[in-house]
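Just so it is clear, none of the values below were taken in a lab; they were calculated from the coordinates. Worth saying up front: this structure is predicted, and the values here are computed from it rather than measured. Cβ sites come from the backbone with ideal geometry, for glycine too, and all protein chains shown count toward neighbours.
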Amino acid sequence: LYFSVTILLHVTVFYIGKNYKTHMIIAEDIPEDVLPEPMMELTLCQGDFLYFPRGIIHQASAIPTMTSMHATLSTTQRWTWRDFFDKALPLALERAFQRDIRFRRALPRAALDFMGIVHSTDDSLDSPRSKFFNHMSTLVSMLPQYMSPDESMDEMGLQYIVDSLPPFGVPTPPEPDVEPEGDDEQQASDAKQHGGSAAAKKRRKKKEKEQQRQQQQQQPHGKIKLSGPTSVNNVVRYVGIARLVFEEEMAAVYHNARNSRCYRLAPQQFVAFPADDADAIQFVLRSKHVPFRIADIPSVHDVDKLQIAQSLHSAGVIVVEQTPSWTSSASSS
């Protein structure tokens, strides 16, 4: 099996008798018949490790007379500037198209007559090709003003969360009722036709479902039923990975508490809050997994703190570390 290895740390290998061939090629999965001769071939034994610079192709095979297993560890996957621009450039182009008429103007009607590989030898300064490249460069130089690096990093953060494993050693909350989201390609097509990114539209639909679910949990007097934390004296702890994202007038907390241990088997999970709760949520997410009292959450009223804690607890973003001691003056007397 040939595969691209993205590694910055040493690879720990657990096996007995493993043959390795390495090729000085940096690429994604490629057919074996197009690989050149390997630059080295070696056998690793139990306890050995082999380090590859990022992107080096290697092929591992067990010695026929032995059974073996190896583990490959990688970091910085999907965490390069190219991945960042994969998020940033489509958003910038979308905004530029909407706000600047120059991006909506038609290409030259005769562009096919002077653009293309067969026309690439025409390098005269006053040619239509030269004018085409000059105008293209002008438009490209305008794109940074339409970029939103923070929004793009939010997209990368949400991608990381949905790809991650759920918190280790934490009981998994009940799975929410999630309806099928439809065909991704169709949603992407709809997004291009009506404006806005497909990812944002998908999250908006999930947010609406989450709001409906929270409304169904409301008691007649309008307060959320508490099944986890019951007092501001409860000590809780933030677990897993979560990120606060502002969408329209809502603050959405995306998390990995309900992620499946099978890659992307579970849909993206989030909890929706009013935008005014952002400071309180940031307090929780910045706690660095250190236990804290619900009473320490910055909010005006204790009932608001309890409701925020209950919503996060129901989603699995926080767990209760300690229950309050109910010792009244009447009982002590």
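Values for this structure:
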quantity	calculated
Added length on full extension, which subtracts the Cα-Cα distance from 0.36 nm per residue, Glu321 to Asp113	67.8 nm
Computed label-point distance, nm, for sites Asp302 and Cys45 using a 7 Å Cα→Cβ extension	6.8
Candidates per trypsin sites (Lys or Arg not before Pro) in the stretch 99-176, loop by DSSP, up to 13 other Cβ within 10 Å	Arg104, Arg105, Arg109
Computed E for Ser124/Ile101 - FRET, C-beta separation, R0 30 angstrom, nearest 0.05	0.55
Average projection area in nm² (convex hull over Cα atoms of the stretch 36-116, one quarter of hull surface)	10.9
Virtual spin-label span in nm between Ser141 and Gln282, 7 Å along Cα→Cβ	3.7
